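Report on the structure given below.
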Amino acid sequence: MGNFKIKDQNLASKGRLQIEWASKHMPVLTQIKKRFSQEKPLKSLTLGACLHVTKETGVLINTFLAGGAKVGLCGSNPLSTQDDVAATLAEVGVNVFAWREQTTEEYYWCVERTLDLRPVITLDDGADLIGTLHSKRTEALPKIKGGTEETTTGVLRLRAMEKTGALKYPIIAVNDAYTKYLFDNRYGTGQSTLDGILRATNILFAGKNFVVCGYGWCGKGIAMRAQGMGANVIVVETDPLRALEAAMNGFRVMPLAEAAPLGDIFVTATGDTSVIRKEHMRKMKDGTLLANSGHFNVEINPRTLDELATSKRNIRPNLDEYTLKEGKRLYLLAEGRLVNLAAAEGHPSEVMDMSFANQALCVEHLAKTKKMPPKVYTVPKEIDEKVAELKLKAMGIEIDELTDEQKHYLSTWEMGTS
Ligand SMILES: NC(=O)c1ccc[n+]([C@@H]2O[C@H](COP(=O)([O-])OP(=O)(O)OC[C@H]3O[C@@H](n4cnc5c(N)ncnc54)[C@H](O)[C@@H]3O)[C@@H](O)[C@H]2O)c1
């Protein structure tokens, strides 16, 4: 066994069943694992991963182990670790530093223990490992060949680092693969966000005013699924193109100040800070629910509610009631952290299959490629297409092929309209 710190080693047998269940729904990653176990493309490499420790991550980590890697793992959110999965991974030799309900200090302690292993390749979901490496742990930088980033917010931070010359090693932006954001952010976040709200509250969506802040890939999925459950969806946006798209998709679009007194449920998915603020909370109805599915707990800052409220009580897991001066009650889900991970189980395995297949193939790509300049790279097109092909095959779907005449027609400019 490796070095680890988890909640309870006795949960390992439970976690094994969870990982087994997830892998049944992850046929693409399972195929990659099979090839990795034969070819050992990651032999003797140390990987450092800061990812949500879920059953799907368990399948990814097992794929790396099959490829010959040594793995260090910490959670990428203090509330998202599935303790049974962490226990199973510790049992098979992964250096896991993760447990559910960490303080911020504990969270960064785990990030640092992962870096103690001196990884050659890093995997991030929100750029905390990379951020720590570039600030507090610069001595570990020279050994690093490259890394991957899973999510939108992380990619934004890394592009900002690249722009100022602060980025010291190459990163592949897994988030920007077609087979990631189109499915994971939209269908994965869409379904699991509603799942999280339901588990925390068990309310009926039908007939409710459901306000989605941010109509990006996550927001589109959340709005689409809430509409499917009979809610009246209102979209709040700052980008004119996205706002127009929401309007053409049939949603009401308005500023948050206008939506505040109308909404029964508010969900943020912007990647931005201080989206729902005091001035909005003051206008909200008694009983309004507030949830976040963007990055971390800054979109709806719980401190804002603490400042406004005269009292606070916990009603049930992941549901806190804040009573304001005038007696109005607002309900914050999962302490403002990612509601789909904290109150539910994150994305369903089927979408993580594609996101993590990209991760596995990008890590293999980094392992096989000579050191690249420190920039943010898109996922190689061959990898994106390979993942789509494998997924279609696993779903039993065949598609057409271009004929030679069509290939010629589509690749020349000389052929006119006649
Ligand atoms: N919960 C999850 O499991 C999960 C999964 C994937 C991504 N994410 C996170 O969700 C967030 C959104 O991801 P995405 O892929 O949809 O990003 P995106 O860039 O496609 O969309 C974000 C949208 O929010 C809008 N926006 C920004 N500030 C706003 C504000 N103050 N008010 C209203 N709208 C605002 C932007 O204009 C943009 O259209 C990111 O932080 C990402 O890391 C979470």
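Counting only residues that are over 19 Å from P261 (Cα atoms), in a strand (DSSP E or B) and of a type in the set (A, V, I, L, M, F, W, C), the stretch 290-313 holds 0 of them.
In this entry, I265 is excluded by the filter for residues that are away from the ligand (no atom under 11 Å from the Cβ), over 24 Å from L332 (Cβ atoms), β-branched (V, I, T) and in contact (Cβ under 8 Å) with a residue 60 or more places away in the chain.
If you go through the stretch 86-99 and keep only what is crowded, with 18+ Cβ neighbours inside 10 Å and either of a type outside the set (S, T, Y) or not in a helix (DSSP H, G or I) (or both), you end up with A86, A87, L89, A90, E91, V94, N95, V96, F97, A98, W99.
Look at the stretch 314-337: where a residue is assigned to a strand (DSSP E or B) and a partner is among the β-branched types (V, I, T) and surrounded by fewer than 17 Cβ atoms within 10 Å (Cβ to Cβ), sitting 6+ places away or on another chain with Cβ atoms under 8 Å, you get E321/I315; T323/T310; L324/T310; R329/T323; Y331/I315.
Got a number for residues in the stretch 138-160 being within 16 Å of the ligand (Cβ to nearest atom) and in a helix (DSSP H, G or I)?
Step one: list which residues in the stretch 138-160 are within 16 Å of the ligand (Cβ to nearest atom), which gives 148-160.
Now narrow it down to the ones that are in a helix (DSSP H, G or I): 152-160.
Count: 9.
State whether the residues of the stretch 239-253 include one that is of a type in the set (F, W, Y) and within 10 Å of the ligand (Cβ to nearest atom). No, there is no match, as no residue in the stretch 239-253 is of a type in the set (F, W, Y) and within 10 Å of the ligand (Cβ to nearest atom).
Within the stretch 269-287, is even one residue open to solvent by less than 70 Å² (accessible area, probe 1.4 Å), among the β-branched types (V, I, T) and part of a strand (DSSP E or B)? Explain how you work it out, then say what you get.
Pass one, the stretch 269-287, residues open to solvent by less than 70 Å² (accessible area, probe 1.4 Å): 269-271, 274-276, 278, 280-281, 284, 287.
Keeping just the survivors that are among the β-branched types (V, I, T) gives 270, 275-276.
Going one step further and asking which of them are part of a strand (DSSP E or B), we end up with none.
Scanning the stretch 269-287 turns up no residue that is open to solvent by less than 70 Å² (accessible area, probe 1.4 Å), among the β-branched types (V, I, T) and part of a strand (DSSP E or B).
Filter the stretch 295-347 for residues that are among the polar types (S, T, N, Q) and open to solvent by less than 80 Å² (accessible area, probe 1.4 Å); which is nearest to the ligand (Cβ to nearest atom)? Across the stretch 295-347, the extreme among qualifying residues is N340. Residue check: is A357 in contact with a Ser or Thr (Cβ under 8 Å, 6 or more places away or on another chain), modelled with pLDDT of 95 or more, small (G, A, S) and farther than 30 Å from G147 by Cβ? Answer is no for this residue.
Kindly evaluate P170 against the criterion of being open to solvent by less than 10 Å² (accessible area, probe 1.4 Å), farther than 24 Å from T81 by Cβ and either without any contact (Cβ under 8 Å) to a residue 24 or more places away in the chain or of a type outside the set (D, E) (or both). Walk me through it before giving the result.
Working: open to solvent by less than 10 Å² (accessible area, probe 1.4 Å): yes; farther than 24 Å from T81 by Cβ: yes; either without any contact (Cβ under 8 Å) to a residue 24 or more places away in the chain or of a type outside the set (D, E) (or both): yes.
For P170, the condition - open to solvent by less than 10 Å² (accessible area, probe 1.4 Å), farther than 24 Å from T81 by Cβ and either without any contact (Cβ under 8 Å) to a residue 24 or more places away in the chain or of a type outside the set (D, E) (or both) - is met.
If the condition is being open to solvent by 40 Å² or more (accessible area, probe 1.4 Å), within 19 Å of F64 (Cβ to Cβ) and either at pLDDT below 95 or part of a helix (DSSP H, G or I) (or both), then the stretch 106-137 contributes R113, D116.
Checking each residue in the stretch 217-232 for being open to solvent by less than 10 Å² (accessible area, probe 1.4 Å) and in contact (Cβ under 8 Å) with a residue 60 or more places away in the chain picks out only I222.
Of the residues that make up the stretch 352-373, is at least one surrounded by 14 or more Cβ atoms within 10 Å (Cβ to Cβ), within 21 Å of the chain's Cα centre (by Cα), of a type outside the set (K, R) and assigned to a loop (DSSP other than H, G, I, E, B)? No, the stretch 352-373 has no match at all.
The values are calculated or read from the model by the stated rules, or taken from the named source; none is laboratory data. It should be emphasised that the depicted structure is a prediction, and the values quoted were computed from it without experimental measurement. Note that we place each Cβ from the backbone using ideal geometry, even for glycine, and neighbour counts take in every protein chain shown. What goes into the accessible areas is simple: the full protein's heavy atoms, side chains included, and nothing from ligands, DNA or RNA. Shrake-Rupley method; radii C 1.70, N 1.55, O 1.52, S 1.80 Å.
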